[in-house]
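Step one of this worksheet: look at the structure below.
The values are calculated or read from the model by the stated rules, or taken from the named source; none is laboratory data. Since this is a predicted model, take the numbers as computed values, not measurements. FYI the Cβ positions are ideal-geometry reconstructions off the backbone, even for glycines, and counts take in every protein chain you see.
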Amino acid sequence: MSRLPKLDPAKLTGKQKQVYDKIAASPRGGVRGPFGVLLHAPGVADPVQALGAYLRFESPLPGRLRELAIMITARFWTAQFEWHIHRGFAEKEGVDPAIIEAIAERRTPEFENADEKIVYAFVRELNKQHRVSDATYAEAVKLLGVEAVVELTAVAGYYTLISMVLNAFEVEVPEGTVPLGA
């Protein structure tokens, strides 16, 4: 059970209602997961949702690479809700289910695509070492370009924030899903 009660849309404050309406009208299609928590602090919720909307729906970073980075970050944090929601998005964007399964099992996936391999290395290093080696950085810039590396870093940072919110407030996984192991 989540640590915070679900907010009743009919009882939201003015600022909460503004943010709620932005999220509900976005391509997300509804207010759930971390946004139910963040609405308790609408001053935080609004810029967080705006950044997330940009990264998911407007960023030039290819969806396949974005979702791979999200899967890596969600698994690093064992952010159950994020993992289960984005698993489907990752598959729709073209991430091989075998790669997703390997990440779920904390194994290094076999990659056919060099861009996926460098995204995995970059995001894993950033999560585990809190920095990226010169070699990984240079390879990422060579394969993806500077703009994509900046966007990739922002995706990893944003989903770290989202994972922390989900974990701190114990947001439940969608009903019928099997939680990831530790």
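Every condition in (1) within 28 Å of Ala45 (Cα to Cα); (2) touching a residue at least 24 places away in the same chain (Cβ under 8 Å) is met by Ala114 except one, and the failing one is (1).
When each of Leu55, Leu7, Leu12, Leu38 is tested for being at pLDDT below 95 and among the aliphatic types (A, V, I, L, M), the lone residue that passes is Leu7.
Residue check: is Glu116 closer than 12 Å to Arg75 by Cα, of a type outside the set (Ser, Thr, Tyr), at pLDDT 95 or above and surrounded by 12 or more Cβ atoms within 10 Å (Cβ to Cβ)?
Numbers: closer than 12 Å to Arg75 by Cα: no; of a type outside the set (Ser, Thr, Tyr): yes; at pLDDT 95 or above: yes; surrounded by 12 or more Cβ atoms within 10 Å (Cβ to Cβ): yes.
Criteria not met by Glu116.
Which residue out of Val149, Val155, Val165 is in contact with a helix residue (DSSP H, G or I) (Cβ under 9 Å, 6 or more places away or on another chain) and closer than 16 Å to Thr78 by Cβ? So that I can check it myself, show each step before the final result.
On the way: Val149 fails: closer than 16 Å to Thr78 by Cβ; Val155 fails: closer than 16 Å to Thr78 by Cβ.
Unique residue meeting the criteria: Val165.
For segment 1-15, the criterion of being without any contact (Cβ under 8 Å) to a residue 60 or more places away in the chain, buried (at least 19 other Cβ atoms within 10 Å of the Cβ) and not in a loop (DSSP other than H, G, I, E, B) is satisfied by no residue at all.
Of the residues making up segment 146-160, not a single one is outside any helix (DSSP H, G or I), loosely packed, with under 14 Cβ neighbours inside 10 Å and assigned by TED's automatic domain parsing to the domain that holds Phe122.
Yes or no: Val155 within 20 Å of Phe57 (Cβ to Cβ), in contact with a Leu (Cβ under 9 Å, 6 or more places away or on another chain), β-branched (Val, Ile, Thr) and at pLDDT 95 or above? Break it down stepwise before answering.
Details: within 20 Å of Phe57 (Cβ to Cβ): yes; in contact with a Leu (Cβ under 9 Å, 6 or more places away or on another chain): yes; β-branched (Val, Ile, Thr): yes; at pLDDT 95 or above: yes.
The answer is yes for Val155.
Conditions (1) of a type in the set (A, V, I, L, M); (2) outside the structural domain of Val141 (by TED's automatic domain parsing); (3) assigned to a helix (DSSP H, G or I); (4) out of contact with any strand residue (DSSP E or B) (no Cβ under 7 Å at 6 or more places or on another chain), marked per residue:
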site: Leu51; (1), (2), (3), (4): yes, yes, yes, yes
site: Ala102; (1), (2), (3), (4): yes, no, yes, yes
site: Arg106; (1), (2), (3), (4): no, no, no, yes
site: Pro109; (1), (2), (3), (4): no, no, no, yes
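Which numbered condition trips up Phe89, out of (1) surrounded by 14 or more Cβ atoms within 10 Å (Cβ to Cβ); (2) closer than 22 Å to Ala182 by Cβ? Condition (2) is where Phe89 drops out.
Scanning segment 35-58 for residues that are closer than 26 Å to Ile100 by Cβ and surrounded by 18 or more Cβ atoms within 10 Å (Cβ to Cβ) gives Phe35, Gly36, Val37, Val48, Gln49, Gly52, Leu55, Arg56. Within segment 89-106, residues that are closer than 19 Å to Thr78 by Cα and in contact (Cβ under 8 Å) with a residue 60 or more places away in the chain sit with their Cβ atoms under 8 Å from residues that are of a type outside the set (D, E, K, R) and assigned to a loop (DSSP other than H, G, I, E, B), at 6+ positions apart or across chains, in these pairs: Ala104/Leu180.
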